[in-house]
Amino acid sequence: MSILACVIIIVLLVLAITVLSFVITKYVRRNLALSRELSEFKTLCDLMQTPIWFKDKKLRFTWVNKYYCMMFDRTKEQILGLTDLDIAPKKLVKNYIRDDEYVLESKKVYRYKENDKAGLWFDTVKFPLLDSQNNVYGLGGVAFNITPIKKSETSLHNLIHNDYLTGTANRLSLSVEATKLISECDEFGYKLAVVLLDIDNFKDLNDLHGHVVGDELLKSMAERLKRYASDKNILVGRFGGDEFILVIYKIKDEKIISSYTNDIKEILLKSHNVYDSEFTVECSMGVSVYPNNSKDYEGLVRYADMALFYAKSHGRNSIVLYNDEIGESNIRRINIETHLKEAIAHKELYLCYQPKVSADGSRMIGMEALLRWDSAELGFVSPAEFIPVAEQSDLIIDIGNWVLREALLQNIEWAKQNNGEMSSMAINLSVKQINKPDFLKRIISLLEEFNYPPNKLELEVTERMLMSRSNSTKEDFKKLREFGVTISVDDFGTGYSNLGYLSSFPLDIMKIDRSFVTDIKNSSEKQQIVNAIVQLAHSFNLAIIAEGVETFDELQYLFSKGVDTIQGFYFSKPLKNIELPKFIEELKQGKYKQKLKNVQSSK
Ligand code: C2E
Ligand code: MG
Ligand code: MG
């Protein structure tokens with residue numbers, strides 16, 4: 001071999017070695033970079049607080065990150081080579097396999113939100129693994145834990161759709177649901193009923209036991225309503241305060257409405273245990289029906305509300321279905337309210353005074369101021385009609401203040417005409433008045449302003465008002481009594497049967513309600529009631545007055561049982577201010593003297 005050939009071979013060899021080493025270096029470098037990249041990628045995946053996994057075409061795990069291992073409480077080695085059939089919750093496996101196969105076949109990314117049935121939510125992405133020829137050789141997946149987002153979504157949904165206290169639907173969501181249900185009624189010939197349910201005297205209960213107890217009671221009621229409704233076509237919602245709203249849908253026969261509402265009344269009536277105390281609540285319901293009363297939800301609610309108002313003002317604890325008469329009485333109520341607002345300014349109100357006379361007709365014991373309204377628009381309206389409206393709308397506060405001033409000024413005027421001799425003036429109070437924080441101050445400052453003797457003022461309150469008054473009201477009355485004012489219980493016997501208030505409330509007089517007096521001679525039941533009331537009054541050291549005495553027989557019977565003060569048409573109807581002095585004069589002259597048999601044996 002020539003030297004030249006040798007040189008060429010050497011050069012070629014060097015060249016080959018150089019190229020080879022260059023190629024090898026490049027290859028090694030690339031591999032090194034790849035494995036570094038892979039390791040970096042794996043480190044990153046292991047750091048992620050979310051499960052990541054890779055599978056082969058047979059759906060066997062080829063790689064999983066640390067979080068995935070933690071979720072299934074296994075090491076990587078224990079997972080690799082297994083399939084979902086071996087490790088995933090049984091309920092979910094079928095879905096996992098179905099989704100994986102879809103990704104393998106379609107070669108598409110598949111994304112969905114899933115609930116792992118253990119309270120966690122995931123936003124899952126599955127993607128195909130493709131080689132350079134676009135052939136699938138496996139799939140990968142990552143599931144982002146979106147539980148916190150879901151939770152806030154849920155609470156936001158609840159906030160928007162549910163009542164925070166009772167968990168029932170709120171007004172807004174119920175109206176959306178009900179409107180939807182109404183739109184389906186005609187197609188299937190269904191009817192739909194809206195029921196407004198209101199707890200009788202809930203405010204009293206709240207005042208007496210506090211809002212925490214009131215809230216618990218509402219929750220207990222809501223639970224019962226929800227349980228009852230759960231297997232029926234009834235939606236339950238809270239309308240606000242102590243009002244619930246029920247929507248009964250898919251009604252084929254209207255009879256179901258009364259059957260459901262009666263059930264509900266009974267269910268709610270059973271005693272509720274709140275903080276280890278038992279509470280019973282009565283409620284009133286107003287019902288309206290689609291399409292009978294209105295074609296839209298708002299209309300149905302309005303009519304149900306009118307029916308509820310009617311139920312509450314006619315004895316409570318009842319279920320009233322809306323009818324035209326209720327509609328008319330509502331129009332009347334609105335009319336009364338509208339014109340009553342102007343009544344004081346237009347000088348349409350005035351007072352009548354009904355004497356309270358000793359049973360033998362010899363002495364004037366006092367008088368009761370009774371409000372009258374001669375409306376320019378509506379004519380004469382009875383207080384039995386306008387006072388409840390005034391109480392509902394708060395107008396009673398201004399009106400009540402007007403009555404107080406007017407009655408005291410009138411009595412002062414009569415005293416002036418009578419050489420300073422003054423009868424006691426009784427004034428009816430409304431619950432709204434005594435609830436005002438300045439109630440005590442207002443009365444005392446009025447007495448001081450007029451220099452009016454407190455012992456010539458009597459305040460009439462009803463049992464219902466006393467039953468649940470807060471301690472502060474009790475204190476107010478105690479102070480008024482210390483000041484010399486007399487306190488009487490009006491309409492006694494018609495309110496609560498619970499008489500606990502008699503021992504705790506500062507009282508002087510009990511007024512037997514007219515309903516027990518009327519025709520008492522012919523009713524042994526009324527006689528028994530009156531006997532019991534008289535005994536009760538005596539044992540609590542209270543004076544007693546009978547209201548609504550119209551006949552001599554009633555007077556004689558009451559007197560024989562120890563009732564010595566009488567108020568009623570028998571002696572006098574309520575009189576206008578100009579008429580009263582004449583009555584007093586005639587009384588003094590003995591015109592009303594009675595020949596009573598003094599049979600006080602049972603006293
Ligand atoms: P009340 O306080 O129980 O007043 C007695 C009611 O019985 C009065 O009705 C009176 O006219 C009526 N009455 C009295 N004796 C007889 C009788 O022998 N036979 C019959 N059939 N009725 C008799 P009135 O004046 O219609 O008042 C009704 C109710 O309105 C009162 O009942 C009272 O609760 C309320 N009221 C009247 N004036 C006021 C007021 O100034 N403020 C408040 N808050 N309520 C008032
Ligand atoms: Mg009265
Ligand atoms: Mg009365």
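Annotations
- Ranking SER430, SER445, ALA311 by how far each Cα lies toward the positive end of the dipole of the chain (charges on Cβ) leaves ALA311 at the top.
- Linear extension gain, GLU114 paired with PHE380, 0.36 nm per residue minus alpha-carbon span: 88.7 nm
- Bridges between two residues of the chain, per DSSP, are antiparallel at a rate of about 70%.
- Three-way shape call for the stretch 38-149 based on the alpha-carbon gyration tensor, with the a/c threshold at 1.5: rounded
- Heavy-atom accessible area order for ILE160, ILE578, ILE520, largest first, 1.4 Å probe: ILE578, ILE160, ILE520
- Summing Cβ point charges (Lys, Arg +1; Asp, Glu -1) relative to the Cα centre of the stretch 162-322 gives a dipole of roughly 360 debye.
- Bridge orientation summary for the stretch 336-602: considering DSSP beta bridges with both residues in this region, about 40 percent are antiparallel.
- Solvent-accessible area per residue for the chain (1.4 angstrom probe, square angstrom): 54 Å²
- Dipole axis of the stretch 25-170 (+1 Lys, Arg; -1 Asp, Glu on Cβ), positive-most option in GLY140, LEU159, LEU38: LEU38
- Inter-part distance where the stretch 533-603 and the stretch 242-258 are each reduced to a Cα centre, Å: 51 Å
- Each peptide in 129-140, 232-243 was scored by the mean count of other Cβ atoms within 10 Å over its residues; highest first, the order is 232-243, 129-140.
- Carbon + sulfur, % of accessible area of the chain - ligands and nucleic acids excluded, 1.4 Å: 54 percent
- As a length-normalised measure over Cα pairs under 8 Å and 6 or more apart, the relative contact order of the stretch 51-105 settles at 28 percent.
- Each principal axis of the Cα cloud of the chain was taken in turn, and the coordinate range along them, longest first, works out to 171, 56, 50 Å.
- In terms of overall dimensions, the stretch 529-582 has a Cα radius of gyration and Dmax of 13.1, 40 angstrom.
- Within the stretch 40-176: Cβ-based charge dipole about Cα centre, in debye rounded to nearest 20 (Lys, Arg +1; Asp, Glu -1): 200 debye
- Of the Cα atoms belonging to the stretch 336-602, the radius of gyration and Dmax stand at 18.4, 54 Å.
- If only the Cβ of Lys and Arg carry +1 and only the Cβ of Asp and Glu carry -1, the dipole of the stretch 336-602 around its Cα centre is close to 720 debye.
- Sites listed here are trypsin sites (Lys or Arg not before Pro) in the stretch 552-597 whose DSSP assignment is loop and whose Cβ has at most 15 other Cβ atoms within 10 Å: LYS591, LYS593, LYS595, LYS597.
- Crossing angle, helix 324-343 versus the chain [Cα axis fit, 0-90 degrees, rounded to tens]: 70 degrees
The values are calculated or read from the model by the stated rules, or taken from the named source; none is laboratory data. This one's a predicted model, so the numbers in the text were calculated from it and none came from an experiment. Glycine also receives a Cβ, built like all others from the backbone with ideal geometry; neighbour counts cover every protein chain displayed. SASA here: full protein model, heavy atoms, side chains in, ligands and nucleic acids out. Shrake-Rupley method; radii C 1.70, N 1.55, O 1.52, S 1.80 Å.
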